[in-house]
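Here's the structure we're looking at; comments come further down.
What follows is calculated from the coordinates using simple rules that are stated; it is not laboratory data. Owing to the predicted nature of the structure, the values given are computational and were not obtained by experimental measurement. As a convention, Cβ positions derive from the backbone with ideal geometry for all residues, glycine included, and neighbour counts pool all protein chains shown.
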Amino acid sequence: MLTRDAAAFLAHARTLAPDFGPATAGAAFLVAPEGFARAQQSASDNRYMAGEDAFDAERAHAQHRGLQRALATVLPTVCFPGDPETPDAVFPNNVFATGNGRYLVGRMRHPVRQREAARADIRGFLGGLLGLEAVDLSTQPHPCELTGALVVDRARGLGFCGLSERCDADGARLMHEALGLRATLLFDLAPGEYHANVVLAVLAGRAALACPGGFADPAVVEAIVALYHPHGIVLSPAEHAAFAGNAIALPADTVWMSAGAEAALEPATREALAAAGLQLRSVPLDAIEAAGGSLRCCVAEVFAGPPSEPGRSALGRKRES
């Protein structure tokens, strides 16, 4: 199912068991903020991006290393070097994604970001080392900025795709098909929003954080909150502005967000996360957030097992052979 009908999507999604695959990634990779600076092209449609004076490359590097160290305490976390020619590469989840035994390469809207898709080292890691099949969407004409535009419930095989200049309906269809999702809800983001993962997070298939101000249609928010009831959590405008919606569960009992996002959380939100069985961890990322994204944007998830073996990784199979 690929639909804009929130009610029909909700009715269908409620029939699906959480047996599509692992709810959270088995590994992750990052890209270091070499050449960290304001990308003018990206700034044209990213209202969260700060002015040039707010960019502190040294602080961004230190915080990014802290993020890797923190994530490495819970799952294998690889960091690839950055490139001064690709100042937005610190957000690799827009360009590379995995699932369904495949790795996807996205079609970025801006030329400055399209350069990231050509990286042979990341392609070699995902295709050569992990043995994932490549689905290269980077040369087709429809923008599809992967898990920036598409928030995925990996447990149920559901997608929530926010349409904007960074992802059109055809791009959404291509991602839906490549990941083999059972159902994807298409919806328009509110004016000024660029990615769904800034306003929505699905956490280990059992909870959701939603920022109503980021959606053009309130009915979409209502459907998402209803689907994850009683753990559909509506965030306030202040939580939204602090990137609390840009969160990720790694592993299934822990939700990660930036220190700034955590500081903005209201007591009711903290209580709701705890009720969902999610402990909260955060790291300082204010320097990275100057580039218009936060913690979840920095994390490219690795789901390495093929569809027939959702609990096993390609690395594990290579060790066994």
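Key figures
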item: Within the chain, longest stretch free of exposed trypsin sites (Lys or Arg not before Pro) [DSSP loop, at most 12 other beta carbons within 10 Å]; result: 48-321
item: Relative contact order (%) - the chain, alpha-carbon pairs under 8 angstrom, separation at least six; result: 24
item: Cα gyration tensor shape for the chain, rounded if a/c is under 1.5, else prolate or oblate; result: rounded
item: Sequence of D53, D88, D253 once ranked by neighbouring C-beta atoms within 10 Å, starting from the fewest; result: D53, D253, D88
item: Cα gyration tensor, the stretch 51-128 - rounded (a/c under 1.5), prolate or oblate; result: oblate
